[in-house]
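Trainee: Quick one: structure below, then a few questions.
The values are calculated or read from the model by the stated rules, or taken from the named source; none is laboratory data. For clarity, every value in this text was computed on a predicted model and none was experimentally measured. Cβ placement follows ideal geometry from the backbone for every residue including glycine, while neighbour counts extend to all protein chains displayed.
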Amino acid sequence: MEGFDALGNVCAAVSIASRGEMGLAFLRLPALYRSDQTLSMFLLETERLLFREYQRGDLEDYCALEADAEVRRYIGGAPRPREVAVRKFRNGLKHAARKLALRATIFKANGRYIGYSGLYPNFRPGGSVPGEAALAFCLAREYWGRGLATEAGRAFVSWGFEELRLKRIVAIAEVGNAASIRVLEKLGFVCIATENGARSFYKFELVGAASGADS
C-alpha cells in the first residue's frame, strides 16, 4: 500500500460474528462524504479510543513509533530511519481524506497518539478489489496487552461492514507474530493460506454476513 504500513505488531482484519454485536463496537460520529472515495471529516470513537485523520502535528509521535525496534519487528523487521518515516508520513497525509485509509489512534484517557489503525484497500495485481478492504493497526509498546487491538478492530470492521457495506475484510500476520494471531483467533478469523519465504505470513479473511448468505 502507499502511505502508512499495512501490518503492525498487533495487526488484524477482525470481525464480530453477529450484526447485533457489531452495532455495539463503536459510537457513531460524523463522517461527512465529499465523494464515493473521500471524506470531508473522519472521526470514530470506542470506549477507550478515538480514531481520526492524521494531522501534521502527529509527525514526531509517528516517527518515534517507527523507530521502535520491537514495534517494527513484524513491520519490515527493523526500525525505520527517520528520513524514511518522514517521507511515509507526508505521503500518508495526501491520502488522509480517503474512506479507506489508516487513522491516527488516540488513547482517550490521556489524549495521546498511540499508533494507527484502519481499513485500507485490498490490493491485488491490477488494482484494488471492489467491496473488499484490509484492516491493520500498530500500537506503541506501552499500550500492548490491554485489549486495545481487539477494540480497534471491532470498531473498524463494524464500520466497514455496516457503513461501507464491504463484502470481505482480510489481514495478514507474520509467522511468529503471536499477538496478532491471538487477536485474529479471538475474533473468529479464518486462516486461508500461508505465504512462505524469507519472511512468512498467514493470510486471514472474514466474509460479511450478507455476502456469506449470497454465496
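Trainee: Given the criteria over 15 Å from the mean Cα position of the chain (by Cα) and modelled with pLDDT of 90 or more, does R165 qualify?
Mentor: Considered against the rule, which asks whether it is over 15 Å from the mean Cα position of the chain (by Cα) and modelled with pLDDT of 90 or more, R165 comes out as yes.
Trainee: Of all residues being of a type outside the set (G, A, S) and under 18 Å from A198 (Cβ atoms) in the range 63-80, which is surrounded by the fewest Cβ atoms within 10 Å (Cβ to Cβ)? Just the residue, please.
Mentor: Among residues in the range 63-80 that are of a type outside the set (G, A, S) and under 18 Å from A198 (Cβ atoms), the one surrounded by the fewest Cβ atoms within 10 Å (Cβ to Cβ) is R73.
Trainee: Which residues, counting only those in the range 131-172, are part of a helix (DSSP H, G or I), surrounded by 15 or more Cβ atoms within 10 Å (Cβ to Cβ), in contact with a strand residue (DSSP E or B) (Cβ under 9 Å, 6 or more places away or on another chain) and not small (G, A, S)?
Mentor: Passing the criteria: Y143, L148, E151, F156, V157, W159, F161.
Trainee: Moving on. Kindly establish whether Y54 is assigned to a loop (DSSP other than H, G, I, E, B), touching a residue at least 40 places away in the same chain (Cβ under 8 Å) and surrounded by 15 or more Cβ atoms within 10 Å (Cβ to Cβ).
Mentor: yes
Trainee: From the set of residues in the range 81-105 that are among the basic types (K, R), in contact with a Gly (Cβ under 9 Å, 6 or more places away or on another chain) and assigned to a helix (DSSP H, G or I), which is surrounded by the fewest Cβ atoms within 10 Å (Cβ to Cβ)?
Mentor: Per the stated criteria, the residue is K94.
Trainee: Moving on. Given the residues E132, E47, E66, E53, which is the only one that is farther than 26 Å from F201 by Cα and at pLDDT 95 or above?
Mentor: E47
Trainee: If you check F123, F156, F161, which single one turns out to be of a type in the set (F, W, Y) and farther than 23 Å from E47 by Cβ?
Mentor: Result of the check over F123, F156, F161: F123.
Trainee: Now, a different point. Provide a single number: the residues in the range 106-130 that are surrounded by 12 or more Cβ atoms within 10 Å (Cβ to Cβ), out of contact with any Asp or Glu (no Cβ under 6 Å at 6 or more places or on another chain) and in a strand (DSSP E or B).
Mentor: The total comes to 14.
Trainee: Quickly run through the range 173-207 and pick out the residues that are part of a strand (DSSP E or B), among the hydroxyl-bearing types (S, T, Y) and either modelled with pLDDT under 95 or surrounded by 12 or more Cβ atoms within 10 Å (Cβ to Cβ) (or both).
Mentor: The answer is Y202, and nothing else.
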